Amino acid sequence: KASALQGVISLIRAETWERINQLLVSGALDAGIECAKGVRIDSTVTDSPIHVPWDSSLLGDAARVMDRMMKDARQRCLELRYTCHQRVVKKQVTAIRNCKGASIRQTHYKKLIKYTRKTLGAVKGTLLSHKEWLDWVLQAEHIIPLVERIIDQAERRVIKGESLPAEEKIVSLFEPHTDIIVKDKRQVQYGHKINFSSGKHGMILDTVIESGNPADSARFLSMIKRLDDVYGKLPNRVAADAGYASTANIDAAKELGIKAVGLPKKRGMTVEAMTGSEGIYRKLKRFRAGIEGNISTLKRAFGLNRCTWKGLDHFKAYVMSSVLAYNLQKFARLSI
């Protein structure tokens, strides 16, 4: 069945997918199918499989999961006392979405936090009294710190009016690894930033799944050096978009032996210093645009717009397997 095949595929680790892809690209470079003398670099975001993370929805998810755990605990021990608060929790979540005015919203949030805390207290009490339920205890130990963070986050943001930095926020109870990604003035995305290096004929030479939301300019040199580490060669020419531009990056790339660096924002440097001539600079700008098409194909045809696998390890494996599928197709077409 498809589910069985999917289960087996998801067991393959991201490192394995990446190594297979590197062997494929190495074979393409040796056969002259792909060329790494000119490399273009760009980044994108792949979304995690989560809903929009409102504080009310996070609290509702927390209460629902803990309620399900307590009902399971009552089946294991009929003498266990537990009061279900799901009805009032759902009522408060709905009221928060439909109410108008900050004061009314805060009132509903206080009630929602109160009953979420009560359910959390029941889970903690059951954890202390029934440590023999190893599977239940394992789930509780995973859930409790996440719920505590969600409650603390809601209190600080909604009740106290604090502004939390992105790295301190949790946006999903089920996918807590998810990062908050803000690129320029675009819509906020929830997933992980991915940096790609693409060759002359469109194959993806290297893929890096970032942690957090690092600036593109901070990843420029590391992406170039990775090509040398993996394939034993540096490109002669590198093109990237304006986000990677900085004087330090251009100087450092020149020191590595790269002859031409094409970046839209010159950061005070002349075209001659970057590429040697105006003609090469224009060619690199046009060359760079090609990676936008590569990324578009990865997202539209190979599912890289939104990950459908659960967990950080599976997220990484999903991305790497999509890149490998894309490269296999490119390899086949270029081999004809």
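The values are calculated or read from the model by the stated rules, or taken from the named source; none is laboratory data. Just so you know, these numbers come straight off a predicted model, no measurement behind them. Methodologically, a virtual Cβ is constructed for each residue, glycine included, from the backbone with ideal geometry; neighbour enumeration extends over all protein chains shown. Side chains included, ligands, DNA and RNA excluded: accessible areas come from the protein's heavy atoms. Shrake-Rupley method; radii C 1.70, N 1.55, O 1.52, S 1.80 Å.
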With a cut-off of at least 1 residues that are under 27 Å from Leu59 (Cα atoms), name the strands (runs of 3 or more DSSP E) lying wholly within region 163-215.
179-181, 189-198
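Which of the residues that make up region 63-91 are under 31 Å from the mean Cα position of the chain (by Cα) and in contact (Cβ under 8 Å) with a residue 12 or more places away in the chain? Steps first, answer last, please.
Going residue by residue through region 63-91, those that are under 31 Å from the mean Cα position of the chain (by Cα) are 63-69, 89-90.
Matches in region 63-91: Ala63, Arg64, Val65, Met66, Asp67, Met69, Val89, Lys90.
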Could you list, in sequence order, the residues of region 298-336 that are closer than 22 Å to Gly7 by Cα, open to solvent by less than 40 Å² (accessible area, probe 1.4 Å) and among the polar types (S, T, N, Q)?
Ser321, Ser322
Residues in region 20-39: is at least one open to solvent by less than 20 Å² (accessible area, probe 1.4 Å), in contact (Cβ under 8 Å) with a residue 24 or more places away in the chain and under 19 Å from the mean Cα position of the chain (by Cα)?
no
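Yes or no: Leu112 touching a helix residue (DSSP H, G or I) at 6+ places or on another chain (Cβ under 9 Å), open to solvent by less than 50 Å² (accessible area, probe 1.4 Å), under 21 Å from Lys160 (Cβ atoms) and not polar (S, T, N, Q)? Give the derivation first.
On the way: touching a helix residue (DSSP H, G or I) at 6+ places or on another chain (Cβ under 9 Å): yes; open to solvent by less than 50 Å² (accessible area, probe 1.4 Å): yes; under 21 Å from Lys160 (Cβ atoms): yes; not polar (S, T, N, Q): yes.
Yes, satisfied.
Determine if region 61-75 includes at least one residue that is open to solvent by less than 40 Å² (accessible area, probe 1.4 Å), β-branched (Val, Ile, Thr) and in contact with a His (Cβ under 8 Å, 6 or more places away or on another chain). Show your work before the answer.
The initial filter retains those residues of region 61-75 that are open to solvent by less than 40 Å² (accessible area, probe 1.4 Å), namely 61-63, 65-67, 69-70, 73.
Now narrow it down to the ones that are β-branched (Val, Ile, Thr): 65.
Remaining after also requiring in contact with a His (Cβ under 8 Å, 6 or more places away or on another chain): none.
No; the residues of region 61-75 include none that is open to solvent by less than 40 Å² (accessible area, probe 1.4 Å), β-branched (Val, Ile, Thr) and in contact with a His (Cβ under 8 Å, 6 or more places away or on another chain).
Looking at this structure, is Gln6 of a type outside the set (Asp, Glu) and either open to solvent by less than 70 Å² (accessible area, probe 1.4 Å) or within 30 Å of Ser129 (Cβ to Cβ) (or both)?
On the way: of a type outside the set (Asp, Glu): yes; either open to solvent by less than 70 Å² (accessible area, probe 1.4 Å) or within 30 Å of Ser129 (Cβ to Cβ) (or both): no.
No: the conditions fail for Gln6.
For region 247-261, name all the residues that are on the phi < 0 side of the Ramachandran plot and open to solvent by 10 Å² or more (accessible area, probe 1.4 Å). Walk me through how you get there before you give the answer.
So in region 247-261, the residues on the phi < 0 side of the Ramachandran plot come out as 247-256, 258-261.
Listed by number, the residues that qualify are Thr247, Ala248, Asn249, Asp251, Ala252, Lys254, Glu255, Leu256, Lys259.
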Among (1) touching a residue at least 40 places away in the same chain (Cβ under 8 Å); (2) under 17 Å from Arg40 (Cα atoms); (3) open to solvent by less than 40 Å² (accessible area, probe 1.4 Å); (4) under 24 Å from the mean Cα position of the chain (by Cα), there is one condition Val238 misses while meeting the rest; what is its number?
(4)
Given the conditions (1) modelled with pLDDT under 90; (2) in contact with an Asp or Glu (Cβ under 9 Å, 6 or more places away or on another chain), which single one is not true for Thr275?
(2)
